[in-house]
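Here the structure comes first, spelled out in structure tokens, and everything after it is commentary.
The values are calculated or read from the model by the stated rules, or taken from the named source; none is laboratory data. Everything quoted here is computed from the prediction, not taken from an experiment. Don't worry about glycine lacking a Cβ; one is built from the backbone with ideal geometry, like all the others, and counts go over all protein chains shown.
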Amino acid sequence: MSDPVVEAKRDAGIRAADMVKDGMVVGLGTGSTVFFAMERLGERIKSEGLHVLGVPTSNQTAMRAEEYGIPLTTLTQHPQLDLAIDGADQVDPKKRMIKGRGAAHLREKVVADAANQFVVVIDAGKEVAGLDAAVPIEVLPFAYGSVVRRLRELGGEPVMRNGVKKDGPVISDNGNYVIDCAFGAVADPAGLETAINAIPGVLGNGIFARMTEKTVVIVGGRK
Ligand code: 5RP
């Protein structure tokens with residue numbers, strides 16, 4: 001029997017991939033939902049002879065792109081992208097979101113910022129009235145202790161993200177640690193995004209509150 005959440009993710013991914021037009025340069029996010037979009041894009045490249053180039057946000061995404069036959073490029077070659085497709089962990093009614101369960105949020109934000117349009121693919125379980133998930137924060141290992149102290153001063157409860165076997169810290173594709181920091185209900189997402197980024201040693205955080213105007217949210221299973 002098919003899982004309705006997986007089917008919703010597949011539907012969202014396929015609809016996002018169908019927004020891609022010939023000649024586009026596309027940001028490729030990370031996660032199970034965007035991988036459905038990439039699978040569909042690969043099919044379109046083969047069946048329609050579509051010419052697209054992708055900019056991957058993680059090593060995992062780059063490997064998937066190779067598997068699906070999506071040619072890749074870089075932000076050096078293409079500093080401006082036509083659109084970026086990515087998943088999210090929570091999305092509020094104003095299209096502000098928390099991302100980063102896959103620890104790829106630093107590159108994901110760079111790629112989303114470079115894109116003219118940001119297409120976010122989710123299942124309905126990701127929709128929330130207000131953001132309240134722990135915020136993923138990528139941190140320079142050297143600065144881990146001082147960043148934790150500053151996050152506590154901001155009212156957060158920082159926890160180092162460990163590997164699945166709890167055998168040490170998760171290391172991002174950029175060679176850094178990831179902290180998950182709970183703040184409870186986030187009253188001012190843009191303000192918190194800025195405040196976290198202002199801590200020396202923080203390289204990026206998973207609140208995406210400043211690109212709502214160019215964001216389109218596709219909820220799988222809902223027209
Ligand atoms: C990775 C992310 C993902 O897009 C987010 O975690 C959603 O993943 P999924 O589509 O597997 O539910 O932000 O850093």
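Using beta carbons and a limit of 8 Å, which pairs, at least six apart or on different chains, have the first residue in region 80-99 and in a strand (DSSP E or B) and the second one of a type in the set (Asp, Glu) and more than 15 Å from the ligand (Cβ to nearest atom)?
GLN90/ASP132
When you go through GLY27, GLY54 one by one, which is the residue that is buried (at least 17 other Cβ atoms within 10 Å of the Cβ), under 16 Å from MET211 (Cβ atoms) and in contact with a Ser or Thr (Cβ under 9 Å, 6 or more places away or on another chain)?
From the options GLY27, GLY54, the qualifying one is GLY27.
If we keep just the residues of region 136-183 that are assigned to a helix (DSSP H, G or I) and of a type in the set (Lys, Arg), which is surrounded by the most Cβ atoms within 10 Å (Cβ to Cβ)?
Per the criteria, the residue is ARG150.
Only residues that are hydrophobic (A, V, I, L, M, F, W, C) and surrounded by 14 or more Cβ atoms within 10 Å (Cβ to Cβ): list them for region 184-215, please.
VAL186, ALA190, LEU192, ALA195, ILE196, ILE199, VAL202, LEU203, ILE207, PHE208, ALA209, MET211
Which residue, of ALA112, ALA37, ALA133, ALA129, is within 11 Å of the ligand (Cβ to nearest atom) and part of a loop (DSSP other than H, G, I, E, B)?
ALA133
Considering only residues that are within 21 Å of VAL26 (Cα to Cα) and aliphatic (A, V, I, L, M), which ones fall in region 118-138?
Of everything in region 118-138, those that are within 21 Å of VAL26 (Cα to Cα) and aliphatic (A, V, I, L, M) turn out to be VAL119, VAL120, VAL121, ILE122.
From the list THR73, THR61, THR57, exactly one residue is in contact with a helix residue (DSSP H, G or I) (Cβ under 6 Å, 6 or more places away or on another chain) and either of a type in the set (S, T, N, Q) or within 16 Å of the ligand (Cβ to nearest atom) (or both). Which is it?
From the options THR73, THR61, THR57, the qualifying one is THR57.
Kindly indicate which of ASP188, ASP167, ASP92 is within 30 Å of VAL6 (Cβ to Cβ) and either within 11 Å of the ligand (Cβ to nearest atom) or at pLDDT 95 or above (or both).
Sole residue among the options that is within 30 Å of VAL6 (Cβ to Cβ) and either within 11 Å of the ligand (Cβ to nearest atom) or at pLDDT 95 or above (or both): ASP92.
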